[in-house]
1. Pull up the cross-link candidates among the aspartates and glutamates for Lys795, meaning alpha carbon to alpha carbon under 14 Å and not fewer than 8 places away within one chain.
2. Within segment 318-348, list the residues whose amide N lies under 12 Å from a label point set 7 Å along Cα→Cβ of Asp360.
3. Taking the Cα centre of the chain as origin, work out the dipole magnitude from +1 charges on Lys and Arg Cβ and -1 charges on Asp and Glu Cβ, in debye rounded to 20.
4. To the nearest 0.05, what FRET efficiency results for Asp250 and Lys732 with a Förster distance of 51 Å applied to their C-beta separation?
5. Which one, Phe661, Tyr629, Thr618, projects farthest toward the positive side of the charge dipole computed for segment 574-679 from Cβ point charges (K/R +1, D/E -1)?
6. Under 14 Å from the Cβ of Glu293, count the other residues' Cβ atoms, weight Lys and Arg +1, Asp and Glu -1, and hand me the total.
7. Calculate how steeply helix 802-813 sits against the longest principal axis of the alpha-carbon atoms of the chain, using the helix alpha-carbon long axis, and give the answer as 0 to 90 degrees to the nearest 10.
8. Work out from phi, with θ = phi - 60° and the Karplus expression 6.51 cos²θ - 1.76 cosθ + 1.60, the ³J(HN,Hα) of each residue of segment 323-339, listed in order in whole Hz, and give x for Gly and Pro.
Amino acid sequence: MKPSFAPLLLLACFAFQTDARAGDPGTADGDRIDLAIGGVGGVYFLAEPGELVIDLEKRDQNLRSVHTDLRAILTGPDRQVIEEVVIPDDGSNERGKPGPAGRARLKTRVERKGVYALNVTVSQDRYGDNILWGFKTNCPRYLIETSRGHRDRAHEEPIVLGNPDRPGDVCFLPPEGQFEVEITGLPKSTESLEMFDGRGALVETFAVGRDGKTSHTFPADVDRGAAAWRLHLPRQQATIHIDGVTRWGDAAEYPNLSLWTPEPSSFFPLAEYRWILTPYSRTIYGKPGEKGEVALQVHNNGSVEKTIRLSLEFPATAWPAEISSMQVSVRPRRSQEVVLRYTVPPQGETRICHLRATPDPDPDFSTYSTITVSAATAPTSRPLDIPLVLKPYAHENEQFGYLPDYPVENQVYFDMANRPWIWTGGGLATLRDGRWATIDLAAAVTTRPPQFEGRSFGSPSAKIAFDRDGDIYTLASVGREMALLHSRDDGKTFAAYLIPGRQSESRSLDIEQSSGQNPLDGPPPIVRYTRTESDPNLIWRRLHDLELFCPTKVNWQIVIGEPVLLTKKAIGLAAHSGIPSTVVSRGTKVHVVWGEATDPKEKVAGVPAYVASYDRTTGKAGTPALVAYGPPANDIHNTPSITIDRRGYLHVLAGTHGQPFPYAQSLEPNDAHSGWTEAVALGKGLSQTYIGLVCGPDDTLYSAFRLWKRGEEPFPTSHFATLALARKEAGKPWEEPRVLIVPPFSEYSVFYHRLTVDRRGRLFLSYDYWSTFWFYRTDHRGNRRALMMSPDGGKTWKMAGTEDFVAGEAKARR
C-alpha cells in the first residue's frame with residue numbers, strides 16, 4: 001500500500017479500532033501511516049475496477065477541551081454513499097498532550113472506473129486545528145483536497161504537516177505566472193528545502209531561517225512542465241502556503257481547489273476535469289412506458305477547448321436509453337448540455353444506466369454519472385416526514401425524486417391572480433396557460449435610460465411586487481446604476497426608471513413586496529442603504545444612510561421622487577437568508593423598520609430596532625420609535641422584519657445573531673408612533689438568526705429562521721444548524737418552533753431561506769443548504785435550492801410541484 005495522509009478521508013468501513021494492537025490494521029511497520037495532516041477536507045481517488053482499500057488514522061492533539069469525532073464518508077463517482085465511519089474522540093482529559101492513534105479501514109469493490117471521494121470532517125473542530133489525520137491506500141492515483149470550514153475572510157487552505165520523525169513531500173501543480181511558496185513552523189534542525197520539477201530536476205534550494213520560516217518566489221519564466229512539482233521536507237513538520245494551490249488571487253486558474261499529494265506518481269488531472277459531468281446522479285419516477293429526458297452538463301475546467309466522449313453503460317441488460325450526442329467539444333471554463341432520453345420501465349420496476357465521460361486529451365481520466373428510472377409515483381407528491389433530514393450527498397432528488405420543472409434560482413412571489421413569479425438569471429419566470437415561460441428582460445425592457453442601453457441586467461434584489469392594477473415591479477441594475485422596472489402589460493414589456501444618486505458608493509436596495517396582507521395601491525416604496533463607514537475593529541459594525549423613496553404613478557408612468565433620509569446610523573441590510581421585509585404600507589402610510597449601529601463604548605442590549613411611519617400626503621416621516629433590542633449590539637446580521645395584519649396592526653421581529661428574536665406589535669393600526677407592546681422573546685433560550693416573516697389571511701404570523709441545536713441527534717457530540725418555523729395565531733403567544741430541515745453535517749450551516757405566502761395563505765419556503773465545509777460545497781456544481789410548500793399553515797409540508805401553482809391560481813380565480 002502507498003502511504004499517504006490528507007484532509008479527512010474514508011471508504012467502506014470493514015475494520016475499526018481506536019488503538020493499534022497486534023493484529024489490527026496498520027500495527028505492522030509496513031502498515032505504518034507516515035502522513036499526519038492538520039485541517040479537514042478529503043481525498044479523491046481515480047479508481048480502477050477491483051478492490052479499493054483505505055486505512056485512515058486520527059490522533060487528537062487535545063489543544064482544546066472539545067470532543068473531536070472524525071467522520072469519514074466514502075462515495076462512488078455518482079456520490080452514492082458507500083460507507084461511513086467515525087473515529088471517536090480519544091477521551092483524554094490531558095490538555096496539550098496528544099492522544100493515541102485511532103484507526104479505521106474502509107474498502108469497497110470498484111465495479112467501473114471513476115473518481116471516488118472520501119469526505120473528512122471533525123466535530124467541534126471545523127478547521128481541523130485539534131487533530132492530525134492520515135491515510136494510506138492501494139489506489140495508485142489519488143489527490144488530497146485540504147478544505148476546512150469557511151472563515152469570514154479570503155479563502156486560504158494551508159497544508160499543515162505534523163510528523164517530524166519522517167521525511168515527506170508535497171506534490172502540486174505549479175500555477176502559471178509568478179508564484180510564491182511560504183513555509184513556517186519548520187523544525188529547528190531544518191536548514192534548507194528543495195523544490196523539484198515534474199521531471200525530477202532540482203529547481204531551487206532555499207535556506208530556512210532560525211525562526212523556522214522560509215519563502216521563495218518563482219518567476220513566471222521558469223518552465224512549469226506538464227507534471228506536478230515536488231517540495232521535499234527532511235522532516236515532515238510545516239505549515240505551507242503556495243500561491244494558486246492554498247491561496248488564490250483573482251487570476252487563479254483553479255480557485256478554491258487545494259489539491260496536492262505526497263507522491264508524484266499519484267497525481268492525476270482532477271482540477272482540469274473538475275465537474276466534467278454533472279449532476280453526479282439523477283433519480284427519476286414516471287408512468288410505465290412514458291418517455292422522458294434529463295439534462296446533464298459536460299464541463300471543461302481547463303484553459304483550452306477539449307472534446308469529451310460520452311458513452312452509456314448498463315449494470316445489467318440494456319434498456320431504452322440514449323444520449324443526444326456521443327461527443328461534445330467544450331470551450332475552456334464552459335459547459336455544454338447533453339440530454340439523456342429514456343423510457344420508463346414496467347410498473348414497479350427500476351432501471352439504471354451510467355453515463356461515462358472521457359476527455360480525448362487524457363483518456364486515462366474517466367468517470368460517470370448514474371441515472372435511475374423507476375415506474376412509480378414520486379415521493380414528492382406526498383407530504384414530507386418533518387423534519388426533512390438531509391443526508392450527505394442525498395438531498396431532495398436522491399431521497400424524493402424532486403425534479404422541478406420550474407426555476408429554483410430564487411423565491412416565489414404571487415401576483416393578484418395568484419400566479420407565481422420567480423427571478424431567474426436576467427429574467428422573470430411565470431406560469432402561462434399551465435406552462436412555465438421566462439421573460440428575457442434584455443428584450444422586454446423597451447423603455448430605458450441611456451445608461452442601460454445595450455447592456456444586460458442584474459438584480460440588487462430578487463423581490464417582485466404587484467399592485468392592485470396588476471402592474472409588476474422589480475429592481476434591476478446595470479453596472480453602478482439601479483432602476484425600478486415596471487410592467488403594465490403582464491410582463492410583456494417593461495420600462496426602467498433610474499433610482500438617482502450615490503452611484504459611486506456601496507448601496508443595498510429593498511422594495512416592499514407582499515408579506516401577506518399588504519396589497520399595493522401603486523408602485524412599491526424603495527429603501528436604500530448607503531454605506532458610509534465600516535469599523536476596522538468590529539467586523540459586523542457598519543454605518544449606513546437609510547433613505548426612503550415613495551414612487552408614484554402619473555399617467556401610467558413612474559415618478560421615483562426624492563429620497564427621505566430616515567437615519568444616518570442604520571446597521572445595514574442582511575438579506576441573503578430570511579430576506580426580511582423592511583417596509584410595509586397601507587393607504588397613505590409607509591412603515592419602515594431598521595436596526596442601528598451604536599457607539600461601541602456604550603453598553604446596550606443589542607441592535608436597536610426602530611420603526612418610522614411616512615405619510616405620503618404630508619411628505620413627512622415621524623420620529624423613529626424604538627421597539628426592541630436584538631442582541632448582540634453592532635451586528636449587521638440583526639436586520640429586523642416588519643409585516644401588517646388585516647386590521648392594520650404592525651408586527652416587528654428584531655433581528656438577532658444566535659439569540660431569541662424580540663417581538664412587538666403596534667398599539668394602533670397603521671401607525672408606528674402611538675406606542676408598541678413591550679418586546680417579548682419569540683421563545684425561551686432559542687438560538688435564532690435570519691428572520692423570514694409573513695402574515696396569513698387569518699392574521700396568523702409565521703417566521704422561518706435558522707435555529708441552532710446542541711448535543712442532540714443526529715449530532716449528539718456537537719452543534720448544528722436547522723431550518724425552523726414558528727407561528728403565532730392572532731391574540732395568542734408564539735408557539736414552540738418546529739424544525740423543518742436537519743442538515744447532513746454538524747458545525748456551521750446556513751439555508752439561504754426565503755419564506756413567502758400566496759394570496760390564499762399557503763406558505764412557500766425556498767432554501768439552499770450551505771455547509772461550512774469547502775470540500776462538500778465545492779464538489780457540488782451550482783446551487784442546491786429547493787422549494788417546499790404548506791397548504792395548511794405549516795402543519796404539513798411537501799416539495800412544491802407545478803400542479804400546486806396551477807391549483808392555487810385556479811382557486812384564486814374562483
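1. Asp385, Glu729, Glu735, Glu736
2. 327-331
3. So the magnitude is around 1440 debye.
4. Numbers: r = 53 Å, r/R0 = 1.05.
For R0 = 51 Å, the calculated efficiency reads 0.45.
5. Among Phe661, Tyr629, Thr618, the one farthest towards the positive end of the dipole of segment 574-679 is Thr618.
6. Combined, the nearby Lys, Arg, Asp and Glu give -1.
7. 0
8. 9, 5, 8, 8, 7, 9, 9, 10, 5, x, 6, 10, 10, 9, 7, 10, 10
The values are calculated or read from the model by the stated rules, or taken from the named source; none is laboratory data. Note that the coordinates shown come from a computational prediction; the quantities given were computed from them, not determined experimentally. Using ideal geometry, Cβ is built from the backbone for each residue, glycine included, and neighbour counts are taken over all protein chains shown. Side chains included, ligands, DNA and RNA excluded: accessible areas come from the protein's heavy atoms. Shrake-Rupley method; radii C 1.70, N 1.55, O 1.52, S 1.80 Å.
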